[in-house]
1. If you go through segment 34-53 one residue at a time, how many are crowded, with 16+ Cβ neighbours inside 10 Å and either modelled with pLDDT of 95 or more or part of a loop (DSSP other than H, G, I, E, B) (or both)?
2. Could you look through segment 2-33, keep only residues that are surrounded by fewer than 11 Cβ atoms within 10 Å (Cβ to Cβ), modelled with pLDDT of 95 or more and charged (D, E, K, R), and pick out the one that is nearest to Leu127 (Cα to Cα)?
3. Determine which single condition Asp106 fails, assuming it passes every other condition in (1) in contact with a strand residue (DSSP E or B) (Cβ under 8 Å, 6 or more places away or on another chain); (2) of a type in the set (D, E, K, R); (3) farther than 22 Å from His48 by Cβ.
4. Taking the conditions exactly as written (among the hydroxyl-bearing types (Ser, Thr, Tyr) and open to solvent by 40 Å² or more (accessible area, probe 1.4 Å)), does Ser74 satisfy them or not?
5. Which residue pairs have Cβ atoms under 8 Å apart, sit 6 or more places apart or on different chains, and have a first residue in segment 30-56 that is over 14 Å from Asn133 (Cβ atoms) and a second that is loosely packed, with under 14 Cβ neighbours inside 10 Å and among the hydrophobic types (A, V, I, L, M, F, W, C)?
Amino acid sequence: MRDAIDLITEHWRAERPDVDVSPMAIVGRITRLSRVLEQDLKRFFAGHGLEFWEFDVLATLRRSGGDTGLTAGSLNRAAMVTSGAITNRIDRLAAKNLVRRAPSADDRRSVFVQLTDEGRELVDRLLPLHVANEQRLLASLGTEEREQLAGLLRVLAVGLDDTALD
């Protein structure tokens, strides 16, 4: 079984046999697959009236915010976007009545972002569908292959200091 990256690396090996292009086989595939997966996820969420990033913020709140919610800073770290971008995202989700801002009972300066009932219902309804879609995307891999790939990607992520737990 061959793919586009095989052809690219073969061409480079023919043109520059003095350069070890084997890293391209991994980085190129991860890059291409990232694009393919992102496009599919965008289509999936668009079919449910959401942007992918909207589900990401809502799901982050659902899995880690509890009833208290998360501060914009915590959401910002989880989403890996600028503080201006997270403010814009919260504003847009609040306009859809999916999240609300609530002042902290302990610190007047802190504001928590919380799911509304509508936001929680949406995440809870979409999560099983989202996971089923991801199962479909990974259908060409068996269980053992999925576990192996997840482990290898984890090693790579840690090796590149992508270890944020927020």
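1. 4
2. Asp20
3. (1)
4. For Ser74, the condition - among the hydroxyl-bearing types (Ser, Thr, Tyr) and open to solvent by 40 Å² or more (accessible area, probe 1.4 Å) - is not met.
5. Taking only residues 6 or more apart or on different chains, the pairs are Arg32/Ala4.
The values are calculated or read from the model by the stated rules, or taken from the named source; none is laboratory data. This is a predicted model, so every value here is computed, not measured. No Cβ is skipped: glycine too gets one built from the backbone with ideal geometry, and neighbour counts run over all protein chains shown. To get the accessible areas, we keep the full protein, side chains included, count just its heavy atoms, and leave off ligands, DNA and RNA. Shrake-Rupley method; radii C 1.70, N 1.55, O 1.52, S 1.80 Å.
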